[in-house]
1. Kindly state, to the nearest 0.05, the FRET efficiency for residue A:11 paired with residue B:71, given R0 = 45 Å and r defined as their beta-carbon distance.
2. Could you sort A:192-199, B:137-144 so that the peptide with the highest average Cβ count within 10 Å comes first and the rest follow in order?
3. I need B:31, A:204, B:184 ordered by Cβ neighbour count within 10 Å, fewest first.
4. So how do B:60, B:175, B:51 line up by other beta-carbon neighbours within 10 Å, fewest first?
5. Fewest first, what order do A:13, B:73, B:89, B:173 take by the number of other Cβ atoms within 10 Å?
6. Taking 7 Å along the Cα-to-C-beta vector as the label spot, tell me the residue A:203-residue A:155 distance in nanometres, rounded to one decimal.
7. Compute the distance in nm between two label points, each set 7 Å from the Cα along the Cα-to-Cβ direction, one at residue A:187 and one at residue B:22.
8. If you take each beta carbon of peptide B:63-71 and count the beta carbons of other chains within 10 angstrom, what is the mean?
């Protein structure tokens with residue numbers, strides 16, 4: 001009867017594991033220990049497995065440990081560009097040229113006509129202006145309104161960029177404003193627009209350069225890791241081949 | 001604010017994360033990324049894949065945090081995600097372990113011959129023991145290795161491991177036993193067993209706690 005119980009414990013590896021990891025009750029523990037005191041085979045096995053467990057402490061994960069953060073996608077999304085406007089579609093210089101042409105055309109009361117007799121450009125700057133007073137006052141009202149619209153659009157444009165208030169003009173466009181002061185103001189608006197666009201461009205370039213540099217660094221690290229990995233695999237292959245060669249030599253010499 | 005978060009429990013951080021507090025979730029990342037990486041590395045046996053799995057684990061946790069009802073501990077939930085990813089990786093990659101030995105070759109035959117005149121400590125430096133254990137662990141089947149890792153390094157009970165692996169407790173014990181036995185053979189074949197000083201009995205509670213803390 002006793003021998004049967006001893007054999008049961010010898011074959012009960014589940015009980016052995018419970019004992020090894022201290023997950024058995026007191027009575028089971030005493031039973032196993034009583035068995036180990038008389039069974040050399042089981043005692044040796046417990047000692048050997050305990051030795052293996054003590055070796056596992058040596059196995060530590062590689063350093064450095066990961067160090068990352070989870071960032072929601074909307075926090076890193078590239079800001080959507082503003083809807084395309086004709087301001088952005090055209091280069092700054094062309095906008096400036098077009099604007100100056102419009103202003104000069106309006107101020108100088110230029111008449112540009114393309115007809116059978118070819119291209120006709122006629123200025124009604126001085127006398128012509130005064131001689132056509134009713135017409136000119138109507139035209140003036142139109143271009144002043146257009147300029148006011150242009151100025152408000154530019155201001156809106158600046159505000160959308162959000163990089164500061166637009167340059168303050170000392171006066172608003174009104175009927176008493178001189179044409180020269182309007183020109184100066186428009187030119188200032190154009191220059192300011194150009195400077196802002198240049199700044200914007202420079203900032204985008206800086207961001208691009210930073211991103212490219214970060215990508216390059218990441219690629220270098222990845223390449224380096226891949227090289228290490230391949231070297232490691234290669235070394236392992238060499239070791240394995242060496243061991244196989246030793247084995248073959250031993251086998252052949254044994255014959 | 002970060003200091004205050006450090007003092008929070010996992011449950012508190014999870015609750016805040018569900019409300020959309022990303023800092024709280026990242027505090028959980030800081031707290032658990034190292035154990036998850038260690039777990040993945042030991043189960044997969046490959047550093048780069050373990051880093052990927054670690055990141056993917058937290059990404060999935062981030063996406064699914066609102067569905068986490070708190071029935072289990074947050075760490076258990078993370079372990080489960082990571083272990084599923086490891087299992088998928090093992091299944092898809094079918095990666096050959098380092099120094100894989102063909103089934104028709106007796107591992108004892110591959111043991112390096114003793115070098116006369118040099119001690120074993122000279123032949124196998126202590127610093128190399130970790131890599132030797134690592135290589136030996138990679139030779140045992142995935143399910144046995146996972147059971148051993150969860151038992152030895154995560155300190156889980158057999159019941160908890162059975163829940164993770166979806167099998168009876170007796171199966172887990174068998175896996176651990178067979179894994180340890182295979183590991184013993186592997187280490188003996190590398191001559192490492194002879195530098196161990198075996199205690200006469202099972203490890204005491206202090207030793208077990210020390211081993212559980214190793215992550």
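1. Numbers: r = 38 Å, r/R0 = 0.85.
Once rounded, the FRET efficiency stands at 0.75.
2. Top of the packing list down: B:137-144, A:192-199.
3. On the way: B:31 17, A:204 10, B:184 20.
Starting with the residue having the fewest Cβ neighbours, the order is A:204, B:31, B:184.
4. Numbers: B:60 15, B:175 25, B:51 19.
Lowest to highest Cβ neighbour count: B:60, B:51, B:175.
5. Numbers: A:13 17, B:73 12, B:89 21, B:173 25.
Least crowded to most crowded, the residues run B:73, A:13, B:89, B:173.
6. With each label point 7 Å from Cα toward Cβ, the separation is 2.2 nm.
7. Modelled inter-label distance: 4.8 nm.
8. Working: counts 1, 0, 1, 0, 0, 0, 0, 0, 0.
For this peptide, the per-residue mean of nearby foreign Cβ atoms is 0.
Computed from the coordinates by the stated procedures, all read-outs in this text should not be read as laboratory data. Since we're looking at a predicted model, the values are computed, not measured. For neighbour counting, all protein chains shown are included, and Cβ atoms are generated from backbone atoms with ideal geometry for every residue, glycine included.
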